[in-house]
């Protein structure tokens, strides 16, 4: 069969032949219709993600939309190594397949599933978000951040604060307040302190780096002892490490946690995706994406932009 195959993590996937999988116990073979690039997909393809097992060659992609042997249209996730979602056929555990709502087309569902799952799991499963709370989304202009804004609004957020470096993109979000991230640490700290002083209940952080450090310091200074803020770390687009003073965590009731593969079980991740997809119709969630034939994977891969997700369709 044809697939997006990674022979060398330093070079990315190419359109090539790969052995047709055979379904094992409790698996079914999915005829893939659409699969999207995401941060985790790119990280695994480069061999840098912590979940990469080192097996080469392998098929890129962790999730997608396809059709079961019985003709049911499903979203599926995590075909076992060396298989992946960017192929004509993917072997998938039956427990890792979810029916796709009729109102979502294949490419929209594929584009939305991974970042939507990330946002839903961070807000609900890890952050314990409740209607009426204030949410700050650090790095809200990427696809996951944009969906996090929409999901928080749908779930009844009292106030949504969005941060990012692109003023135009921030202005297009349905947020109640925005913070333009700048290199002026003093100016950024002042703005974050003003928001923290008015109470922030949940933070969803896609950036880490300097903005996270400034935000944690502001929260430590202004979070009252009786009302803990749940700080959920999801991505590290601005840096893998920060130098966090221990006093920041000792001096306030900040609950610092992560959300992702490992901090959530596979059933929890699958369940979060199902809840998000079912809510996407009622909530009218949208996501910017572009469609590309899988045969063009080598050319499209380096051009992918997280703000306009690339979805490969399988002919």
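Readers should treat all values here as calculations from the given coordinates under stated rules, not as data from a laboratory. Since the structure is predicted, the reported quantities are computational estimates derived from the model, not experimental observations. Virtual Cβ from ideal backbone geometry, glycine too; neighbours counted across all protein chains shown.
Helix 266-283 and the long axis of the chain differ in direction by around 80°, with both axes built from C-alpha atoms.
Expressed per residue, the C-alpha convex hull volume of region 1-120 stands at 102 Å³.
Measure nothing but the geometry: give the 0 to 90° angle between the long axis through the Cα atoms of 106-120 and the longest principal axis through the Cα atoms of the chain, rounded to 10°. Taking the Cα atoms of the chain, the angle to 106-120 is about 40 degrees. Once the Cα-Cα distance is subtracted from the 0.36 nm per residue extended length, the residue 172 to residue 290 segment shows a gain of 40.6 nm. Put in line by how crowded their Cβ is, counting other Cβ atoms within 10 Å and starting with the fewest, 153, 126 read 153, 126.
Of the beta bridges in the chain, as assigned by DSSP with both residues counted there, near 50 percent are antiparallel.
Using only alpha carbons, region 214-315 has a radius of gyration to Kirkwood radius ratio (Rg to Rh) of 1.10. Normalised Debye scattering of the chain at q = 0.10 Å⁻¹ gives log10 I(q)/I(0) of -0.56, counting only Cα atoms as equal scatterers and leaving out solvent. For region 128-258, dividing the convex hull volume of the Cα atoms by the residue count gives 96 Å³ per residue. This ranking places 55, 311, 281 by how few other beta-carbon atoms lie within 10 Å of each, fewest first, which gives 55, 281, 311. Give the Rg/Rh ratio for region 84-139, taking Rg as the radius of gyration of the Cα atoms and Rh as the Kirkwood radius, to two decimals. That ratio is 1.06, to two decimals. By the count of other C-beta atoms within 10 Å, a proxy for reagent exposure, 102, 296 are ordered fewest to most as 102, 296. Note on residue 249 and residue 99: with the Förster distance fixed at 30 Å, the Cβ-Cβ geometry gives a FRET efficiency of about 0.10.
Pairing the Cα long axis of helix 209-222 with the longest principal axis of the chain, what angle in degrees results, from 0 to 90 and rounded to the nearest 10? It is inclined by approximately 40 degrees.
Mean-square fluctuations from a GNM of the chain, with a 10 angstrom spring cutoff on Cα atoms, peak among 127, 271, 145 at 271. Computed from the alpha carbon atoms alone, the convex hull of region 52-163 holds 128 Å³ per residue.
Highest mean packing comes first when the peptides 56-65, 39-48 are listed by Cβ atoms within 10 Å, giving 56-65, 39-48.
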